[in-house]
Amino acid sequence: MQHLGAGIEHQIAHFDPQSEKAFKVARNNAAFEVAVRQAWADNPDAAEYLLAHTNSLFFAKDEALRKGAGKDVDHYVMGVYLDDPMARSELNARREVLTLFLMRAGLRFDELRIIPATFGMRERRLYPHAVERLERIFGARPAEKPAWQPSAISQRDIDAVCGQVEDAQLAQAIRDAMGAYAGRGGNGGEAPASSSSAPVSDSEGVAAVRRAFCLAVGDLDYAQTLLSQVSRITLDLCVNPNSYTPSRFRKYRCAFHVANPELFSQLIRPYEESIVARARELDLPLSSISVRQARP
């Protein structure tokens with residue numbers, strides 16, 4: 001009996017060039033989706049998130065000059081364009097596992113390359129069905145952010161939103177975040193010009209710190225156990241009082257406020273460098289991490 005794969009390749013050989021290309025692209029896209037879902041079988045929502053933020057795939061021969069053994073051997077690259085730093089970080093964390101499943105799906109390449117999507121590439125959606133599912137799960141499309149205007153958030157708005165949340169701790173976190181946003185005066189998240197510090201509570205920056213913390217620790221349960229000891233996270237803007245620093249070059253000092261700083265410092269010391277690196281992957285430039293005594 002003829003092997004199924006050989007039979008498919010035989011049929012492809014009879015396609016016209018345009019149809020052959022379209023079939024191979026569709027086959028590769030389907031194989032990538034299956035491989036992602038297999039690699040993240042323990043976390044289907046993460047797989048959905050990755051697929052929703054995947055903009056394009058490509059296969060190409062790497063024309064860059066190489067040195068050493070095997071420099072004359074053809075080197076083929078599979079490229080994955082993603083428009084979200086968290087998605088790129090997550091894909092990189094399981095790069096080898098994903099490569100294994102891609103190989104099992106019949107894709108052949110020497111290197112899996114993760115590439116940030118820019119400009120018009122960000123508008124492409126390779127898996128629109130994943131975008132729709134993600135919208136149902138999280139309530140927002142990947143490229144969208146809540147269009148909050150500081151002047152539109154009143155105390156009545158905050159009370160109305162928080163009144164619908166049963167968890168008291170979560171409600172307080174939302175209250176703090178909305179209150180902090182409303183109090184920034186519509187300056188787009190920049191620190192006030194008169195202040196050298198930008199303390200943030202449950203903002204996008206603090207959320208990025210939490211994600212970076214979980215990615216650095218690796219074990220989500222252990223990471224959540226450690227974070228449960230943190231009563232507050234602040235981000236202080238590093239500012240040179242004698243010079244102006246453009247926003248793209250600004251860095252932040254991160255502080256964890258806990259009841260037992262000495263113990264917590266020992267627990268997170270092995271992960272500090274990794275947390276800083278992960279935060280930078282999430283577009284949050286950290287310069288340092290410290291642990292402070294939480295206020296009673």
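Quick look at the values:
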quantity	calculated
Filter result (outside any helix (DSSP H, G or I) and surrounded by fewer than 22 Cβ atoms within 10 Å (Cβ to Cβ)) within the range 41-54	Ala41, Asp42, Asn43
Residues that are modelled with pLDDT of 90 or more and hydroxyl-bearing (Ser, Thr, Tyr), drawn from the range 77-109	Tyr81, Thr99
Criterion: part of a loop (DSSP other than H, G, I, E, B), in contact with a His (Cβ under 8 Å, 6 or more places away or on another chain) and at pLDDT below 90 - qualifying residue of Pro142, Pro146	Pro142
Selection within the range 249-285 - in a strand (DSSP E or B) and touching a residue at least 40 places away in the same chain (Cβ under 8 Å)	Tyr252, Cys254
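The values are calculated or read from the model by the stated rules, or taken from the named source; none is laboratory data. Keep in mind that what you see is a predicted model, and the values were worked out from it rather than measured. Quick reminder, even Gly has a Cβ in these numbers, built from the backbone with ideal geometry, and neighbours come from all protein chains shown.
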